[in-house]
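The structure appears below as structure tokens.
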Amino acid sequence: MTVTVPEVLFRAVSKRFTGSSAPVLEGIDLSIERGEFVSIIGPSGCGKSTLLKLVAGLAPCTSGEIAVNGMTPENAREVVSFVFQDATLLPWRTVEKNVSLALELERSQPPPERRQITQKLLELVGLSHVAKHYPRQLSGGMKMRVSIARALATRPRLLLMDEPFAALDEMTRDRMNEELLRLREEQNWTVLFVTHSVAEAVFLSSKVIVLAPHPGRVAHVLDVDLPYPRTEATRESQEFDDLVNRTSRLLREAHRL
Ligand SMILES: Nc1ncnc2c1ncn2[C@@H]1O[C@H](COP(=O)(O)OP(=O)(O)OP(=O)(O)O)[C@@H](O)[C@H]1O
Ligand SMILES: [Mg+2]
């Protein structure tokens, strides 16, 4: 008998920062299966970034526990990649050197292999032509794609993304959303994605989690049963519109909880 372990499991997770009286997150129970694309939405300050940091092992839970593929977040770090809201590229390194940084630090690959992996990743995000450029020579969207390529260099199985496309215009964001789904199809990641855009959450996700604030807790979990691959036609469908409206309503309710 095979027992499937959830990719991410939250059991009664609470988080209170030292020195603060109120918990940021309380009583979070969630199970995320391998291959799911899960978005987290909720009012500013409700603990979305904190939740991702707990999964990444960048901060400990105060009570309860999180398991990533059956391991503690600290032990699972090797299989997890984090894309932060700002691209956080090193300005003195070229695009290719930013992407290869994690591999250099890991030292698990000899330089020729590193170069090959980096080239492949730049191709994947459509940036081969700017490999020798510096971050200051790139647009915001290109920087974000470098940061995504960098996150992929270590071959993660779980991708944590904190508002990665917030700074982009709507057209570029839509395109990036489609690209992200295409990459995910290829690479078979599980994704935990934070956004303030309901339409983005619905377009990308198999599941949307709505958090209520003070303390941050799960108010609703919505299944998005629109078929993949999702395209422009998805955005134009009545089903998509209905789901966006329903999710927006639940988000407004969560603000009042
Ligand atoms: N290191 C920290 N020490 C103390 N308090 C913190 C720390 N990090 C976050 N907080 C507090 O935890 C709460 C949740 O913060 P968090 O960044 O997780 O919110 P968020 O939902 O991501 O908000 P936004 O949508 O604005 O990004 C806030 O009140 C914040 O002040
Ligand atoms: Mg945040």
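None of the figures in this text is laboratory data; all of them are computed from the coordinates on show. As the structure is a prediction and not an experimental result, all values here were calculated from the model. Heads up, the Cβs are rebuilt from the backbone with ideal geometry, glycines too, and the neighbour counts pull from every protein chain shown.
A few notes on this one:
- Residue within the stretch 34-46 that is away from ligand 2 (no atom under 16 Å from the Cβ), over 29 Å from Leu183 (Cα atoms) and touching an Asp or Glu at 6+ places or on another chain (Cβ under 7 Å) present: no
- Total residues in the stretch 127-141, condition in contact (Cβ under 8 Å) with a residue 40 or more places away in the chain and either touching a helix residue (DSSP H, G or I) at 6+ places or on another chain (Cβ under 7 Å) or in a loop (DSSP other than H, G, I, E, B) (or both): 3
- Residues of the stretch 11-23 that are within 16 Å of ligand 2 (Cβ to nearest atom) and surrounded by fewer than 22 Cβ atoms within 10 Å (Cβ to Cβ): Phe17 alone.
- For the residues Arg252, Arg246, Arg184, the requirement of being in a helix (DSSP H, G or I), basic (Lys, Arg) and under 15 Å from the mean Cα position of the chain (by Cα) singles out Arg184.
- For the stretch 31-60, residues that are among the hydrophobic types (A, V, I, L, M, F, W, C), more than 13 Å from ligand 1 (Cβ to nearest atom) and in contact with a Pro (Cβ under 9 Å, 6 or more places away or on another chain) total 1.
- From the list Ala67, Ala76, the lone residue that is surrounded by fewer than 21 Cβ atoms within 10 Å (Cβ to Cβ), away from ligand 2 (no atom under 13 Å from the Cβ) and either under 30 Å from Arg256 (Cα atoms) or among the small types (Gly, Ala, Ser) (or both) is Ala67.
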